[in-house]
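Student: Here it is, the structure in full.
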Amino acid sequence: MKTKDLIYCALFCTLIIIGAFLKISIPPFPMFFTMQTFFVILAGYVLDAKRGTVSVSVYILLGLIGIPVFSTGGGISYILSPTFGFLIGFIPASYVISKLTVKKIKFYPSLIAVAMIYTVGILYFILIKNVYLAESVSALSFVSTCLVFFIPFDILSAFFSYVLSKRIKRSKII
């Protein structure tokens, strides 16, 4: 990788970290949205597959070595957090968007990316809850919670990533 590539990777890794701390709360519930998905999808659109994947992977590695870059902290024990699967889903999501938008930026790759994030995240959540934490969790109830609360917000943020990426590509900044 060239110096320019490393700078872009560091920039998007930093944006994802900032996105983890840009939280929008849902008042009656103890849940919140973050802007991580927005920046992961933007990285997929703006960077090539290699740089986008490196950006997201470095973000996750920074969190796992103990730097508190995740929305609720960091450290190796985060692997056993039920929500860690959503972070894992960021890696293939960014990669797939980059591969599907090599010639022209389209919106549908971001929808595929959101579906990938939720597929990996939900499977990991259910696995950790049922196996490691020995808590019985119904896949249907958790999926319905995601569908009602989180997926609409992430689809909206994917749309804004798509719009912003078109402007960035058109301006030839990156």
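Read-outs: derived from the displayed coordinates by stated rules, not from any lab. In this text, all values refer to a predicted model and were calculated from it rather than measured experimentally. With ideal geometry, Cβ positions are generated from the backbone for all residues, glycine too; neighbour counts draw on all protein chains shown.
Student: For helix 49-64, what angle does its Cα long axis make with the longest principal axis of the chain, in degrees from 0 to 90 and rounded to 10?
Tutor: Helix 49-64 and the main axis of the chain meet at about 40 degrees.
Student: What list of ³J(HN,Hα) values in whole Hz, one per residue of segment 83-92 in order, does the Karplus curve 6.51 cos²θ - 1.76 cosθ + 1.60 (θ = phi - 60°) give from phi, with Gly and Pro shown as x?
Tutor: The phi angles translate into 8, 4, x, 5, 5, 4, x, 5, 5, x Hz.
Student: Restricting to DSSP H runs of at least four residues, report the calculated mean residue ellipticity at 222 nm for the chain, -39500 (n - 2.57) per run over all residues, nearest 500 deg cm²/dmol.
Tutor: -21000 deg cm²/dmol
Student: Which stretch or stretches of segment 111-145 have amide N atoms under 14 Å from the point lying 7 Å from PHE159's Cα along the Cα→Cβ direction?
Tutor: The answer is 111.
Student: While we're on this one: ³J(HN,Hα) across segment 73-78 via Karplus (A = 6.51, B = -1.76, C = 1.60, θ = phi - 60°), whole Hz, x for Gly/Pro?
Tutor: So the Karplus estimates, Gly and Pro as x, are x, x, x, 4, 5, 4 Hz.
Student: Kindly identify segment 54-174 as rounded, prolate or oblate by the Cα gyration tensor criterion: order the square roots of the eigenvalues as a ≥ b ≥ c, call it rounded if a/c is under 1.5, otherwise compare a/b with b/c, prolate if a/b is larger, else oblate.
Tutor: Since a/c reaches 1.5 but b/c is at least a/b, the shape of segment 54-174 is classed as oblate.
Student: Also, quick follow-up: Got a sec to turn the phi values of segment 155-163 into Karplus ³J(HN,Hα) couplings, 6.51 cos²θ - 1.76 cosθ + 1.60 with θ = phi - 60°, whole Hz, x for Gly and Pro?
Tutor: 5, 5, 5, 5, 5, 5, 5, 4, 4
Student: Hand me the tally of lysine pairs in segment 3-171: alpha carbons under 29 angstrom apart, and the pair either on different chains or 8 or more positions apart.
Tutor: 26
Student: Tell me, how many Å apart are the Cα centres for segment 118-174 and for segment 75-116?
Tutor: When both Cα centres are located, 9 Å separates them.
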